[in-house]
Amino acid sequence: MLAGDTGGSIEEAGVKVREIWELALPPGTTLAGGEASLGRIVEWVAALRAVFPLFGTLGEGYLALARLGLARRLDPTLTTSYLLNELHRAHASAFVVDEPVSEADAALANQLALPLLVLPGGADLHEIEREILRTLIDREAQITRREQEARQRLQQILGQQGIQGVINELAHLTAGHVLVRDKSSVPIARAGERPLVNDVMETAFPIKVAERVLGQLILSTRPVRSPLETLYARQAAEICGLEMLQKLAREETEDRLGADLVERLLDKTQEEAAASRLQRLGYDLSANRWHVAVALGGSTSAKDDPVVDDVSQAVARDLQWAAQRDGAGVLIVRYREQILALCSFAVTSPERTMRNWVQEATTRGSAQRCHVGVSRIVRGLAGLRQAVSQALDALSLGQRIHGRKSPHYYEELGLYRLLSGLRAQDELQRFYDETLGLLARYDEAHGTELVNTLEMFFDQNANASQTSRALFIHRNTLNYRLQRIGEITGLDLNDAEARLAMQLALKLHRLSAG
């Protein structure tokens, strides 16, 4: 079951057993039995003594604290079950012991509805007794102290090991599984093993700073959870939130700086400022260097998908690693919805080296969700400006061209480069309307597939037999469709000029469809 963290306030009726567990008993204390009565009020604490009466003046509402080994030395009959029954008759609120108990004793605690808590090994019972008394006298001060201790401990771990260290500690304290997700539900860290029990207790703690929701921390533990574990989880969520906010602020700053750098680079009037910024970032613009730009992003339909963005970043890092291994310099920046990798490498490096980097970075299975546009190899700052435009164009065009697989190399896009630059012009639009536009409108009105048929016909080099097989239709059906295409467009597909016009129009159609 998944429960939200309510973070409710502690009732004022008195200090309950569960609050003693949370505020006074050490981390690692477990509940063996009697969970149903954790809400009992604790009036005072009585520790086992070496003389009779063992617990002094034991009254209703007392919490009994005992070393079981001492009880057995005093009298072998003073077993855990005997003490449980006696405390039940005395109307005690809870029983805290210093060693593990048997399943039979745990079952008896459940039967008597008497909370039975087991301290971790090496616990100092005298100090624990003092902690319980402090809690009974000033509960609010104990709450504040526990929270401060938890916060200080986790902050120290955060400074040394980051978010992963914090959730590692939380997983250790709770013996559970911890998952931290960002606001898009993308996992950013996890630790521990999910408990091997049927009824796992799973609670979501919101991660937010100043009402800004950054994600959530999900804690999965055994069904019975120490209240102290909940306190630690809340503190961990808050600590993670501060680090996530700082990381988000850094990323937003880097994004703004990256976008500003690219804008300056694309603006011919700001070449000097762009060169200065690149050099400060360690990018080598010396005369003996080649440059190539690589643009990465998801498909148009998936541009806001955080998983795709993560994949794009991973591909960019793999590209950077592969290039740097061969002595190249790589600068990665974010520009709008894309990630740009600017690569600077020696002019003595063959072109295939650059292609090897791209291939290596895009061979993983998840990389298929990322489209990659690659510029020509250029030289100098002016060439780098052109490379950025080429990479962005290659990415955009490659996504629009039906059936084309990434990576998209600008120099291999052929006629599409020209048509992409011209497709906004009125005369080109009229050319399209007068050729394929007629056919596209007919398909839309009648639910036919004549445009697809014509496209496949040209893809198969105008071979009718191959086209009919590719479309899984009879040869006569294909002949009928080609005849209708000629009738609708008024063009003769046996005429070379007409074929060229239709092929150009099909390429425009592919661009417009994207």
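What the table shows:
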| read-out | value |
| --- | --- |
| Pairs with Cβ under 7 Å, 6+ apart, first in the range 183-212 and more than 14 Å from A233 (Cβ to Cβ), second surrounded by 12 or more Cβ atoms within 10 Å (Cβ to Cβ) and charged (D, E, K, R) | V186/D310; P187/R181; I188/R181; I188/D182; P195/R222; V197/R222; V200/R194 |
| Residue satisfying condition, being modelled with pLDDT of 85 or more, among the acidic types (D, E), farther than 22 Å from V311 by Cα and outside the structural domain of L25 (by TED's automatic domain parsing), within set E202, E211 | E202 |
| Single residue of the range 30-77 satisfying the filter (closer than 18 Å to L108 by Cα and among the small types (G, A, S)) that is surrounded by the fewest Cβ atoms within 10 Å (Cβ to Cβ) | A36 |
| Hey, A387 surrounded by fewer than 16 Cβ atoms within 10 Å (Cβ to Cβ), of a type in the set (G, A, S), at pLDDT 85 or above and over 29 Å from the mean Cα position of the chain (by Cα) or not | no |
| Residues located in the range 298-329, provided they are surrounded by 21 or more Cβ atoms within 10 Å (Cβ to Cβ) and modelled with pLDDT of 85 or more | V315, A316, L319, A323, A328 |
| One residue from I143, I157, I218 being among the β-branched types (V, I, T) and in contact with a strand residue (DSSP E or B) (Cβ under 8 Å, 6 or more places away or on another chain) | I218 |
| Lone unmet requirement of (1) of a type outside the set (A, V, I, L, M, F, W, C); (2) modelled with pLDDT of 80 or more; (3) crowded, with 17+ Cβ neighbours inside 10 Å for G258 | (2) |
| Conditions (1) of a type in the set (D, E); (2) at pLDDT 90 or above; (3) under 20 Å from I132 (Cα atoms); number of the one not met by E103 | (3) |
| Qualifying residue in the range 126-141 (condition: exposed (fewer than 15 other Cβ atoms within 10 Å of the Cβ), under 40 Å from the mean Cα position of the chain (by Cα) and modelled with pLDDT under 90) | yes |
| Some residue of the range 335-347 being farther than 30 Å from D260 by Cβ and polar (S, T, N, Q) | no |
| R289 being surrounded by fewer than 21 Cβ atoms within 10 Å (Cβ to Cβ), more than 20 Å from the chain's Cα centre (by Cα), basic (K, R) and at pLDDT below 90 | no |
| Entirely in the range 1-80, the strands (runs of 3 or more DSSP E) that have 3 or more residues that are farther than 14 Å from S93 by Cα and modelled with pLDDT under 90 | 2-4 |
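Listed here are the residues, each with its yes/no results for (1) part of a helix (DSSP H, G or I); (2) within 18 Å of the chain's Cα centre (by Cα); (3) free of Cβ contacts under 8 Å to residues at least 60 places away in the same chain.
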residue	(1), (2), (3)
R181	no, yes, yes
Q216	no, yes, yes
P223	no, no, yes
Y232	yes, no, no
E243	yes, yes, no
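The values are calculated or read from the model by the stated rules, or taken from the named source; none is laboratory data. Since the structure is predicted, the reported quantities are computational estimates derived from the model, not experimental observations. Note that we place each Cβ from the backbone using ideal geometry, even for glycine, and neighbour counts take in every protein chain shown.
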